[in-house]
Amino acid sequence: MAANTVTTEATAPESAADTPLRIRTVTAESVLTLTGAAVGALALDWVLYERVLPFSGVLGFWVCWYVLFLAFYVAIAALQWDMQSVRDRFFSVAFTTGGILATAIVIDQVAYTLVRGFPAVKHPRFFTQTMANAGPLSPITTGGVAHALVGTLEQILLATFLAVPLGVLAAVYLAEVGGRAARPVRTLVDAMTSLPDIISGLFILAFVVLTIGLPKSGFAASLALAVTMLPIVTRASETVLRIVPGTLREASYALGGSQWRTVLNVVLPTARSGLATAVVLAMARGIGETAPVLLVAGYARGMNANPFNGWQTSLPLYIYYEIQSPANTDKIRAFGGGFALVILVLVLFAIARRAGGGTPGELTRRQRRRLEKESARQRAAREGMGA
Amino acid sequence: VAQVSTGDKIFRGILRASGWSVFVITGLILIFLIVRATKAFRFMGAAFLTTSSWITFSPQHFGIAAILPFGILIALIAMIIAVPTGIAIALYISEYAPARLKPSLIAVIDLMAAIPSIIFGLWGLLFLLPRIIGFDSWLGRHLGFIPVFDFRKSTSIAANYVGSTFIAGIVVSLMVIPIVTSLSRQVFSQAPQGEREGAYALGATRWGMVRTVVLPFGRAGVIGATMLGLGRALGETIAVTLIITPAWIFNYHVLESGSNSIASRIAVDFGSFPDAGSMGLSALMAAGLVLFGMTLIVNTLGAIVISRSRSGAATAD
């Protein structure tokens, strides 16, 4: 507060010429200030960290560098600009590094898994063999993730078949029927989206395995996955259905359409690409879930392609057990499984981004061309009738 | 007013049933956990809340007095890191990032939410751990006068740092950041355009506008996002299980090796009891029930706060 009043007093006489405040400008000064602060901080950090003070560790080095960088930046900026502008620039820099940090973490996670997994994956047999004939001491050329891949794909497809219809119907309820009664449903769905992942596994263990008496199997695992995915599907689908323009619904009602015809023929087709994105994103979330599967899927070293009978392994489970083995080859195998899992997630993610390219109601080029052709055909037919 | 047709009545009935099915599922979870946990609760009584040890083979003596506070401590560390970082990222995406970059940044955050927790676990165990020990030891030696960073063991042995509450908290924070970021970004981007322009018209810098318009407008959303993130942090299982070294006496010295949590206890222990009626399984169900009840309350409060902030936004536009 005090700083505020000081700056206004200091700048008031100069700002007589009524120049607008530039918000986004890249000037030589701003770039040089950034670089200067970064380089200066790096140099001081190196001297302090590696020579003067008894510190060690890569992470600590960069944490100290960042703190020094912010301090340098404020100091250099304060030499040339007024306090208000310094504060503004300080926060821009701080928030921008936040964005860079998030991107860096994601890239680091993905790249680390891919690089560490490569020694296992470069043997193509890794994807065609199971662990049935491979122990901790067998070389990396034998043993693979074929059984886990099959298990993962079967479980995620079953879970999608279970969770998506119910989830989309619930989303239609929230978006189309709505009203006061829907509010607690929406609140609970929101709350369940960050339900502890182990709880759904524990629930299926208590309900399906212990009470009903169904043995541990891939199907039980997909039930647990479905419980985890259901609120995610509902939440994401509702957001998509909400942005379907109300005018489309009104047009359908005005033509005498009932509510269910409107939903089936207008709302859902309009939101189709968005719904596809919601479903695929939920699949990407579900495919990597370990905890729900851990409790109810059991663990098999060999191939079991039948999800309804016998224990089945999925990729996250494979990684979980292999990484806990003390043998080094098993750790490499775990990263090989991680490689496959990350690629699966990335592929699903890419599909989701492609499917949800436009906003609902906006046509792709191919759809527009088809519609134009269709209407031209109808016009020709009408003219033919008139003649 | 047109009469609702029979088809529509049936249709709405189906929709309503599927909407309320989420209540049915939550109810079933509660019922089955309670039923399965009864045996353990009967056996231990109120001592379940005050016992630190977890011995489920005879002579049985178990409780959550160590694993519950350890788990809460991990979640707190995660929140201390994730909330400021998440808000900074959200502000960058909604207010600072160039328009061309925005969709890709949102995709990056979505991808971060979709990275499996087992991958976070691998990364934390084999990438982060060796690189963070130096920082840990620095904290212990120079900030040890703060009780939380007090390090009571020899600082020169790496094994004394491995599997600590602090490292688990950092890894969990990375899983909470996307939740906090995406929810806060949504409320930030809903801040009314007129008031933003008003702030600029009064001569505000961009930070001035963010401080006086965007942050106050998004406050409820940020609080809700924080609570939903806390729910996630409390229940994180696999990454925590891989990273921590189990400890059975609670201490708040976060840098020292040894920690625990309810979820990781369940993940480690569930396989030891093939018999459906065993006390060990019932004890795990009881711990799971405590975890579920706690996160359900936190998440529901968070969801209510968020829905309030959303309903305000709906009237604004």
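I'd like to check something: does the stretch B:113-131 contain any residue that is modelled with pLDDT under 85, over 20 Å from B:THR241 (Cβ atoms) and either charged (D, E, K, R) or buried (at least 21 other Cβ atoms within 10 Å of the Cβ) (or both)? Yes: one or more hits. Of the residues making up the stretch B:22-34, those that are facing chain A (nearest Cβ under 7 Å) and surrounded by fewer than 17 Cβ atoms within 10 Å (Cβ to Cβ) are B:PHE23, B:LEU28. A single member of A:LEU341, A:LEU346, A:LEU315 is within 10 Å of chain B (Cβ to nearest Cβ), surrounded by fewer than 22 Cβ atoms within 10 Å (Cβ to Cβ), under 27 Å from the mean Cα position of the chain (by Cα) and modelled with pLDDT of 90 or more, and it is A:LEU346. Checked against (1) within 30 Å of A:LYS331 (Cα to Cα); (2) at the interface with chain A (Cβ under 8 Å from one of its Cβ atoms), B:LEU73 passes all but a single condition, namely (2).
You will find that of B:SER307, B:SER272, B:SER261, the residue that is out of contact with any strand residue (DSSP E or B) (no Cβ under 6 Å at 6 or more places or on another chain), of a type in the set (Gly, Ala, Ser) and farther than 29 Å from B:PHE166 by Cα is B:SER307 and no other. If you go through the stretch B:270-292 and keep only what is surrounded by fewer than 17 Cβ atoms within 10 Å (Cβ to Cβ), more than 8 Å from chain A (Cβ to nearest Cβ) and in contact with a Leu (Cβ under 8 Å, 6 or more places away or on another chain), you end up with just B:ASP275. Residues of the stretch A:78-124 that are part of a helix (DSSP H, G or I), without any contact (Cβ under 8 Å) to a residue 60 or more places away in the chain and more than 13 Å from chain B (Cβ to nearest Cβ): A:ALA78, A:LEU79, A:GLN80, A:PRO124. All of (1) more than 24 Å from B:TRP123 (Cα to Cα); (2) assigned to a helix (DSSP H, G or I) hold for A:PRO316 with one exception: (1).
Sub-7 Å Cβ pairs linking a first residue in the stretch A:176-204 that is over 19 Å from B:THR226 (Cβ atoms) and more than 7 Å from chain B (Cβ to nearest Cβ) to a second residue that is part of a helix (DSSP H, G or I) and of a type in the set (S, T, N, Q), at least 6 apart or interchain, are A:SER200/A:THR228, ordered by first then second residue. When B:GLY19 is tested against (1) small (Gly, Ala, Ser); (2) over 21 Å from A:ILE212 (Cα atoms); (3) more than 7 Å from chain A (Cβ to nearest Cβ); (4) surrounded by 16 or more Cβ atoms within 10 Å (Cβ to Cβ), only condition (3) is not met.
Taking the listed residues B:ILE262, B:ILE244, B:ILE304, the one that is within 12 Å of chain A (Cβ to nearest Cβ) and within 29 Å of A:ILE323 (Cβ to Cβ) is B:ILE262, with no other qualifying. Number of residues in the stretch A:245-304 that are hydrophobic (A, V, I, L, M, F, W, C), over 30 Å from B:ALA239 (Cα atoms) and part of a helix (DSSP H, G or I): the value is 10. Of all residues in the stretch A:87-101, none satisfies being farther than 23 Å from B:GLY198 by Cα and at pLDDT below 85.
Would you be able to say whether some residue in the stretch B:60-70 is within 19 Å of A:ALA206 (Cβ to Cβ) and modelled with pLDDT under 85? Scanning the stretch B:60-70, I find no residue that is within 19 Å of A:ALA206 (Cβ to Cβ) and modelled with pLDDT under 85, so the answer is no. Taking the listed residues B:LEU230, B:LEU255, the one that is at pLDDT below 90 and over 29 Å from A:GLN84 (Cβ atoms) is B:LEU255, with no other qualifying. The one condition from (1) free of Cβ contacts under 8 Å to residues at least 60 places away in the same chain; (2) surrounded by 14 or more Cβ atoms within 10 Å (Cβ to Cβ) that B:ALA37 does not meet is (1). For the stretch A:259-290, which residues satisfy the criterion of being within 18 Å of the chain's Cα centre (by Cα) and among the small types (Gly, Ala, Ser)? Residues satisfying the conditions are A:SER273, A:GLY274, A:ALA276, A:ALA278, A:ALA282, A:ALA284, A:GLY286, A:GLY288. So which residues in the stretch B:89-136 are more than 8 Å from chain A (Cβ to nearest Cβ), aliphatic (A, V, I, L, M) and without any contact (Cβ under 8 Å) to a residue 60 or more places away in the chain, if there are any at all? Residues satisfying the conditions are B:ALA99, B:LEU101.
The set of residues in the stretch B:248-287 that are under 12 Å from B:GLY71 (Cα atoms), assigned to a helix (DSSP H, G or I) and among the hydroxyl-bearing types (Ser, Thr, Tyr) contains only B:SER264.
A:ILE332 meets each of the listed conditions (1) within 12 Å of chain B (Cβ to nearest Cβ); (2) farther than 27 Å from A:ILE199 by Cβ; (3) surrounded by 21 or more Cβ atoms within 10 Å (Cβ to Cβ) apart from (3). Counted as qualifying within the stretch B:154-211 are the helices (runs of 4 or more DSSP H) with 2 or more residues that are in contact (Cβ under 8 Å) with a residue 12 or more places away in the chain and either surrounded by fewer than 20 Cβ atoms within 10 Å (Cβ to Cβ) or in contact with a Pro (Cβ under 8 Å, 6 or more places away or on another chain) (or both), namely B:165-189, B:193-201.
The values are calculated or read from the model by the stated rules, or taken from the named source; none is laboratory data. Keep in mind the model is a prediction, meaning the values are calculated, not measured. Neighbour counts are summed over all protein chains in view; Cβ atoms, including those assigned to glycine, are modelled from backbone coordinates with ideal geometry.
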